[in-house]
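K.L.:
First the structure, then my questions, so here it is.
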Amino acid sequence: MGQRQSRQLVLTMFMVGFGFHNDAWRHPSSRADEIGKLSIIRDMARSAEAAKLDAIFFADSYGTNGLRDGGYRGTSVYEPISVMGVLSGHTDKIGMIGTQSTSWNEPYTVARQLAGLDVLTGGRIGWNIVTSTRGNENVGREEMPLPELRYRRANEFVDVVQKLWDSWDADAVIDDRAGARWVDGARIRDVNHRGEFFAVRGPITIRRSPQEWPVLVQAGQSADGIELGSSYADIVYAVQPEQAAAIDFYAMYKDKVKNKGRDPEQVKILPGIMPVVGRTEREAQELADELADCIVTENGRSTLSNMLDVDVSDLDPGDKIPQERFVDGPQRVKRWYLFRELAKELTVHQLIVHVSRSLGHQFIIGTPATVADTMIDWFEARACDGFNFNPPSVPLGMDNMFQLLIPELQERGYFRQEYVGDTFRERSGLVVSDDDVRRVRARYAPCG
């Protein structure tokens with residue numbers, strides 16, 4: 001067993017039963033007939049917990065376009081609040097991160113739901129904060145709000161949620177049976193928020209979490225997204241496939257966090273990675289080839305067109321997308337620009353395979369040793385604090401990650417052998433400091 005390193009990787013996994021590799025559900029080993037049911041997601045969660053991952057992550061979406069167009073991995077067939085509630089009874093220690101949109105929800109509702117789950121699970125919940133880029137047709141909106149407006153709303157939304165989570169002191173429950181007081185009302189505060197988007201008196205009806213409040217996660221890489229994440233997030237998901245750019249992004253982000261009076265070591269940056277692992281290089285390559293053979297070209301075309309907002313139906317697989325077809329605009333996200341650059345070099349077929357594999361995240365094929373080499377190299381170079389695993393397929397690709405790669409990382413001392421601590425925050429080194437609490441309380445409005 002290798003010597004335990006002072007810094008430890010933070011590892012989470014995207015819970016996509018289809019597999020993150022597009023059309024991986026077509027592989028003979030898949031459990032596609034169970035997707036949407038409890039059995040497969042329960043087994044995925046238990047496997048992740050057995051591997052001692054920090055957390056599992058549930059995305060969310062407000063539409064079925066992916067299901068209709070063949071982009072299955074991007075469609076949420078599990079609603080995060082309900083699935084985390086169910087899985088709390090099938091797991092004991094692993095964290096669970098659920099997406100909730102600041103565009104289509106109300107802060108009191110989100111604060112109450114997530115705080116309730118957090119208390120029920122003993123402090124195992126995280127919130128992936130998103131501003132929605134689609135779904136207006138399902139929530140009574142004629143069109144999508146522009147990014148600047150979405151992010152103004154998001155900043156105020158998170159501010160209100162944090163204040164509501166803080167509205168109970170840890171010792172508010174006094175259980176004074178003789179005095180007929182279960183709580184001390186003086187230890188529960190109104191928040192009296194009145195802002196541009198929300199008016200919320202508070203408090204919530206949920207006692208304070210054992211981890212103070214749920215872990216905050218954010219993934220936007222636009223200027224507005226970075227502003228939001230550096231203000232609030234404990235974990236930052238990133239699309240950074242190249243190490244040099246990841247090092248620059250890491251340094252920039254940590255500086256922003258520090259300049260806001262927050263401890264940069266308490267903010268963990270996790271780029272996505274899809275490792276296709278085998279006992280030998282040949283075995284790993286064979287699985288990668290099998291997954292590539294599962295790709296349905298027309299599904300790939302549709303996914304590519306939807307991602308880039310470009311019609312590629314008339315192009316041959318060996319053609320490149322003409323650059324004049326890419327139309328910039330205020331709704332474009334960072335990933336769109338990355339793919340526009342890739343399209344200068346790659347053919348339609350190559351782009352389909354690239355998008356099908358990793359969606360812009362790092363894609364790596366190898367043995368446990370070679371994949372661990374890359375992950376550790378990134379970690380030591382301060383390109384990341386860990387990774388968010390995108391399982392190439394389920395269960396085969398996921399099981400290879402857990403049964404082959406994780407033991408290699410443990411053997412080298414970069415990942416835990418056992419969980420230590422009672423909450424998600426404790427296990428992942430994400431402390432809510434006294435300064436954090438003071439910052440939240442400084443934003444309270446005066447009573448009346």
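Since every read-out is calculated from the coordinates, none of them should be taken as a lab result. What you see is a predicted model; the values in this text were computed from it and never measured. Cβ sites come from the backbone with ideal geometry, for glycine too, and all protein chains shown count toward neighbours.
K.L.:
Want the number for residue 50 to residue 347: 0.36 nm per residue separation, take away the alpha-carbon distance, what's left?
P.N.:
Contour length minus the Cα-Cα distance gives 102.8 nm.
K.L.:
Now, a different point. What aspartates and glutamates sit close enough to residue 334 to cross-link, taking a C-alpha to C-alpha distance under 17 Å and skipping anything fewer than 8 places away on the same chain?
P.N.:
The qualifying aspartates and glutamates are 148, 224, 227, 242, 248, 309.
K.L.:
Can you check what the net charge comes to around residue 225, using other residues whose Cβ is under 14 Å from the Cβ of residue 225 (Lys, Arg +1; Asp, Glu -1)?
P.N.:
+4
K.L.:
If you don't mind, another one. From Cα pairs below 8 angstrom and at least 6 apart in sequence, can you work out the relative contact order of the chain, rounded to a whole percent?
P.N.:
Computed over the chain, the figure is 24 percent.
K.L.:
Taking the DSSP beta bridges in the chain as the whole, what percent of them are antiparallel, to the nearest 5?
P.N.:
In the chain, approximately 15 percent of DSSP beta bridges are antiparallel ones.
K.L.:
When the helices in the chain are scored as -39500 (n - 2.57) per DSSP H run of 4 or longer and the sum is shared across all residues, what 222 nm value do you end up with, to the nearest 500 deg cm²/dmol?
P.N.:
That comes out to -11000 deg cm²/dmol.
K.L.:
Follow-up. Would you pull out the residues with amide H under 5 Å of residue 127's amide H, same chain only if 5 or more places away, H placed 1.01 Å from N?
P.N.:
It is 98, 215, 216, 217, by chain and number.
K.L.:
Here's a follow-up. Mind listing the long-range amide H neighbours of residue 221? Cut-off is under 5 Å, sequence gap 5 or more, other chains count too, H placed in the peptide plane at 1.01 Å from N.
P.N.:
Those lying under 5 Å, H to H, from residue 221 are 334.
K.L.:
Given H placed on each backbone N at 1.01 Å, which residues far from residue 412 in sequence or on other chains put an amide H within less than 5 Å of it?
P.N.:
Amide H to amide H, under 5 Å and 5 or more residues apart or across chains, residue 412 pairs with 2.
K.L.:
Ordered by residue, what ³J(HN,Hα) values in Hz, to whole numbers, does segment 259-273 give under the Karplus form 6.51 cos²θ - 1.76 cosθ + 1.60, where θ = phi - 60° and Gly and Pro are x?
P.N.:
5, 9, x, 9, 7, x, 6, 8, 10, 9, 9, 10, x, x, 8
K.L.:
Excluding residue 335 itself, calculate the net charge of residues whose Cβ lies under 13 Å from the Cβ of residue 335, where each Lys or Arg counts +1 and each Asp or Glu counts -1.
P.N.:
Details: positive: 332, 334, 340; negative: 309, 341.
So the environment of residue 335 carries a net charge of +1.
K.L.:
Could you give each residue of segment 371-381 its phi-based ³J(HN,Hα) in whole Hz, using Karplus coefficients 6.51, -1.76, 1.60 with θ = phi - 60°, and x for Gly or Pro?
P.N.:
Values, residue by residue: 5, 4, 3, 5, 4, 5, 4, 4, 4, 5, 7 Hz.
K.L.:
Something else now. Take the Cα atoms of the chain, build their convex hull, and give its volume per residue in Å³.
P.N.:
Per-residue hull volume (Cα only) is 152 Å³.
K.L.:
Oh, and also: For segment 1-74, compute Rh as the Kirkwood radius over C-alpha pairs and then the Stokes-Einstein diffusion coefficient at 37 °C and 0.692 mPa s; write the answer in µm²/s, rounded to an integer.
P.N.:
For these conditions, the coefficient is 231 µm²/s.
K.L.:
Okay, moving on. What is segment 1-131 by shape, rounded, prolate or oblate, if you read a ≥ b ≥ c off the alpha carbon gyration tensor as root eigenvalues and call it rounded for a/c under 1.5, prolate for a/b larger than b/c, and oblate otherwise?
P.N.:
Oblate.
K.L.:
Tabulate in residue order the Karplus-calculated ³J(HN,Hα) for segment 85-102, using 6.51 cos²θ - 1.76 cosθ + 1.60 with θ = phi - 60°, rounded to whole Hz; enter x for Gly and Pro.
P.N.:
x, 5, 5, 4, x, 10, 9, 10, 10, 5, x, 9, 10, x, 7, 9, 7, 7
K.L.:
OK, next. Compute the angle between helix 281-293 and the longest alpha-carbon principal axis of the chain, please, reported from 0 to 90 degrees and rounded to the nearest 10.
P.N.:
90
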